[in-house]
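*Asks:* Quick one: structure below, then a few questions.
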Amino acid sequence: MKTTETKEKKTTAKTDAKKGTIRAKSDAASGLKELFIDSLKDIYWAEKALTKAIPKMAKNASDKKLIESLNNHLTETEEHVIRLEKVFDLIGKKATAKKCDAMAGLIEEGKSIMEETELGVVRDAGIIAASQKIEHYEIATYGTLRQFAATLGFSEAATLLEETLEEEKGADIKLTEIAVEAINIEAAEAE
Ligand SMILES: [Fe+2]
Ligand SMILES: [Fe+2]
């Protein structure tokens, strides 16, 4: 009898562990609106961090088109910060930044790539790679935020988030073009 009880207890514990449910923090978001606001705070931090990170990448780039594209996207990124402030305003919340660990990691990775490469075409390739990871993260984030805004009935905010989303996509396409061109030039020179 005693053996059976022990066996049952073990089974219960195992099942719970299998579920892997994470216990929420006491201040966890209980609704979509809270999740939306929380995500806005994250990307607000990320965009502000990028206004400092992009100039460093531009300084370390050699290719003229890459430098130009990074500088253009810096101007757009500054606008993304302002747009987010407008979004906060539209939903009646104060613009607040909350550290985004994912973006902090991506920026850090970009820094490591620059430290690990010689100035020139290889560092440029590394900068493009790091920048595209950043753009893809932003594309995923703004796609979600736009949808959250639309679902919650914040149509004006959804439009603003859509504008930023399109600029992130544009920056990503531009980086791909530069990468392809640079690779082609390198290939031609090697012949
Ligand atoms: Fe951005
Ligand atoms: Fe971006």
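*Asks:* Report yes if Thr96 is at pLDDT 95 or above, within 20 Å of the chain's Cα centre (by Cα) and either over 22 Å from Gly170 (Cβ atoms) or surrounded by 15 or more Cβ atoms within 10 Å (Cβ to Cβ) (or both), otherwise no.
*Replies:* Against the criterion (at pLDDT 95 or above, within 20 Å of the chain's Cα centre (by Cα) and either over 22 Å from Gly170 (Cβ atoms) or surrounded by 15 or more Cβ atoms within 10 Å (Cβ to Cβ) (or both)), Thr96 qualifies.
*Asks:* As an exercise: evaluate Ser131 against (1) away from ligand 1 (no atom under 16 Å from the Cβ); (2) closer than 21 Å to Glu177 by Cα and give the number of the one condition it does not meet.
*Replies:* The one condition Ser131 does not meet is (1).
*Asks:* Of all the residues that make up segment 16-63, how many are among the hydrophobic types (A, V, I, L, M, F, W, C) and within 16 Å of ligand 1 (Cβ to nearest atom)?
*Replies:* Matching residues across segment 16-63 total 10.
*Asks:* If a residue must be free of Cβ contacts under 8 Å to residues at least 40 places away in the same chain and of a type in the set (A, V, I, L, M, F, W, C), how many such residues does segment 103-128 contain?
*Replies:* Qualifying residue count for the region: 3.
*Asks:* On to the next question. Thr75 fails exactly one of the following numbered conditions: (1) loosely packed, with under 14 Cβ neighbours inside 10 Å; (2) of a type in the set (Val, Ile, Thr); (3) away from ligand 1 (no atom under 16 Å from the Cβ); (4) assigned to a helix (DSSP H, G or I). What is the number of that condition?
*Replies:* It fails just one condition, (3).
The values are calculated or read from the model by the stated rules, or taken from the named source; none is laboratory data. Source: prediction; values computed, not measured. Note that each Cβ is placed from the backbone with ideal geometry, even for glycine, and that neighbours are counted across all protein chains shown.
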